[in-house]
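A.B. asks: Have a look at the structure that comes next, please.
The values are calculated or read from the model by the stated rules, or taken from the named source; none is laboratory data. Everything numeric in this text was worked out from a predicted model, so none of it was measured. Cβ atoms come from the backbone with ideal geometry, glycine included; neighbour counts cover every protein chain shown. The protein model used for the area step is the full one, side chains on, heavy atoms only, and it has no ligands, DNA or RNA in it. Shrake-Rupley method; radii C 1.70, N 1.55, O 1.52, S 1.80 Å.
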Amino acid sequence: MSYADHLRAALAEPDWVTLQRLAEIATRLGMSLYLVGGPVRDCLLHRAVTDLDLTTEGDALILARTAAHELGGTWKKFNRFGTAKLILPGRARFAPIDLATTRTETYARPGALPDVVRGTITTDLIRRDFTINALAIRLDGAQPGALIDRHRGEHDLRAGALRVLHARSFQDDPTRLFRGVRFEQRFNFAFTADTLQLIAPALPVINQISGDRIRHELELIWGEAQPWQALARLDELGILQSIEADLHVDDWIAVHFQAQPTRDDRFACWAWLTCRLSETSLTRFSQRVNLARAEAIDLEQVRALRAAADVLGRLNSRSSIYRALAEYHDRSLRVALTVIDQPAARAALELSLDQLRDVRPTLNGMRLQELGVSRGPMIGRILAEVQAAVLDGIIATPQQEEEYARQIMAREGREA
Ligand code: ATP
């Protein structure tokens, strides 16, 4: 089977037609056109190809504009490196096609973002992370269907080997450590011995990459079919500890990732990774990976709920459960349910979520003022007591609420 046949088999028919038409346009414009990176790897692995990453040695923006015009689509410039996103009819869910000009990359210092200049397909493949991702299939006129494989990527694909292209690769860009682990686990591949040896010396450089980049890499892991395996490998290689020294992956994490129906909930993934950290370590971790404030707050809530499970389990009235959990957000409570085993604590969380959160007395501050309470903290105190009584089933109707409030006012008056 030729590479073109492999490609045709891996693509949905409309995508195959689209690639042919793009190749015709590129040929007419005198530009080369390649399918490159992940989709070529997946095609050679006989996996379905849905992402279309294309590269040309010509001007990708001109190609994108011409193709959009001729094929009835739209395009937009994506970044300053001459990359375009092309949206064409016939693509599933209108997924954009990435169209880039081939580049050469250099790194001013370890962990920095690369400096980029225009290059050839050869330099464009050299800048890539692993040999299995440094593959291209030519699509335009001269030799359609030819595999460009300067780094023995096809050989490594067959061998299930993950190999970097040069010894400084991880130092240049430590996010490749995370990518490598992801591919290793996804394809059941293994780092070659040479590549494995380069990992430990690159660990200190992880300190130099931004929190956003680390967070992004971990989020990509959440999207894998078996994230816990990648996490365990990151742990084994010391990569996880280079982010936060106290992070460890054990059976508990594997079991929680495996058992949960909520695995597509990214927040839950963060929680399973971090909820057994101390408060200090969790704060440090959230800052390191630059989590959004709301997410960091809710992760701390899950951690605190789990740590306080025994206390929660001993609460014995609906109003005390309400009070204890009033400050916690719904998603914190929901995810806490997935990490707490004690039945009584779980029952309290469920009760709060299902029944207590929305209980509000009909009585309000305005009515209390009409009844003679002056504006101030007393109003809040009375309403809280009335609400507790409603929660505990002591009172039920609006009349009873008002009567109850009057009793509190009388009591407060006596005490004043
Ligand atoms: P996935 O299947 O997870 O999407 P992919 O290989 O398609 O994997 P992308 O993140 O879409 O990954 O990247 C596209 C291509 O760009 C990769 O195949 C690889 O050749 C190259 N690449 C991406 N990130 C890096 C990096 N950090 N260093 C070098 N090359 C990279």
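A.B. asks: Give me the pairs, please: first residue somewhere in region 186-198 and within 15 Å of the ligand (Cβ to nearest atom), second residue anywhere and among the basic types (K, R) and open to solvent by 70 Å² or more (accessible area, probe 1.4 Å), beta-carbon distance under 6 Å, and either six or more positions apart or on two chains.
C.D. replies: T195/R163
A.B. asks: I've got another one for you. Starting from residues that are hydroxyl-bearing (S, T, Y) and open to solvent by 30 Å² or more (accessible area, probe 1.4 Å), keep the ones in region 279-299 and report whichever is farthest from I206 (Cα to Cα). Lay out the reasoning, then the answer.
C.D. replies: Of region 279-299, the ones hydroxyl-bearing (S, T, Y) are 280-281, 283, 286.
Now drop any that are not open to solvent by 30 Å² or more (accessible area, probe 1.4 Å), which leaves 280, 283.
Details: T280: 21, T283: 19 Å.
Looking at residues that are hydroxyl-bearing (S, T, Y) and open to solvent by 30 Å² or more (accessible area, probe 1.4 Å), I get T280.
A.B. asks: For L383, only one of the following conditions fails: (1) part of a helix (DSSP H, G or I); (2) of a type outside the set (S, T, N, Q); (3) touching a residue at least 60 places away in the same chain (Cβ under 8 Å). What is its number?
C.D. replies: (3)
Rundown of residues vs (1) near the ligand (Cβ under 10 Å from one of its atoms); (2) touching a His at 6+ places or on another chain (Cβ under 8 Å); (3) more than 22 Å from P39 (Cα to Cα); (4) touching a residue at least 60 places away in the same chain (Cβ under 8 Å), yes/no style:
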position: Q171; (1), (2), (3), (4): no, no, yes, yes
position: R182; (1), (2), (3), (4): yes, no, no, no
position: G211; (1), (2), (3), (4): no, no, yes, yes
position: L218; (1), (2), (3), (4): no, no, no, yes
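A.B. asks: From A64, A95, grab the single residue that is surrounded by fewer than 16 Cβ atoms within 10 Å (Cβ to Cβ) and either over 30 Å from Q171 (Cβ atoms) or outside the structural domain of R150 (by TED's automatic domain parsing) (or both). It would help to see each step written out before you state the result.
C.D. replies: Numbers: A64 fails: surrounded by fewer than 16 Cβ atoms within 10 Å (Cβ to Cβ).
Exactly one residue qualifies, and that residue is A95.
A.B. asks: Being surrounded by fewer than 18 Cβ atoms within 10 Å (Cβ to Cβ) and either away from the ligand (no atom under 16 Å from the Cβ) or farther than 26 Å from D149 by Cα (or both): is that true of R80 here? Before you say what the answer is, go through the steps one by one.
C.D. replies: Details: surrounded by fewer than 18 Cβ atoms within 10 Å (Cβ to Cβ): yes; either away from the ligand (no atom under 16 Å from the Cβ) or farther than 26 Å from D149 by Cα (or both): yes.
Against the criterion (surrounded by fewer than 18 Cβ atoms within 10 Å (Cβ to Cβ) and either away from the ligand (no atom under 16 Å from the Cβ) or farther than 26 Å from D149 by Cα (or both)), R80 qualifies.
A.B. asks: Could you pull out the residue among R375, R360 that is among the charged types (D, E, K, R), touching a residue at least 24 places away in the same chain (Cβ under 8 Å) and surrounded by fewer than 19 Cβ atoms within 10 Å (Cβ to Cβ)?
C.D. replies: On the way: R375 fails: touching a residue at least 24 places away in the same chain (Cβ under 8 Å).
After applying the criteria, what remains is R360.
A.B. asks: Looking only at residues that are closer than 28 Å to Q258 by Cα and of a type in the set (S, T, Y) in region 300-346, which one is surrounded by the most Cβ atoms within 10 Å (Cβ to Cβ)?
C.D. replies: In this case the residue turns out to be S332.
A.B. asks: Within region 102-164, which strands (runs of 3 or more DSSP E) (wholly inside it) include 1 or more residues that are open to solvent by 50 Å² or more (accessible area, probe 1.4 Å) and of a type outside the set (S, T, N, Q)?
C.D. replies: Values: elements: 103-106, 115-118, 136-138.
Result: 115-118.
A.B. asks: Given the residues A202, A142, A134, A167, which is the only one that is modelled with pLDDT of 95 or more, away from the ligand (no atom under 14 Å from the Cβ) and among the small types (G, A, S)?
C.D. replies: Just a single option satisfies the conditions, and that option is A167.
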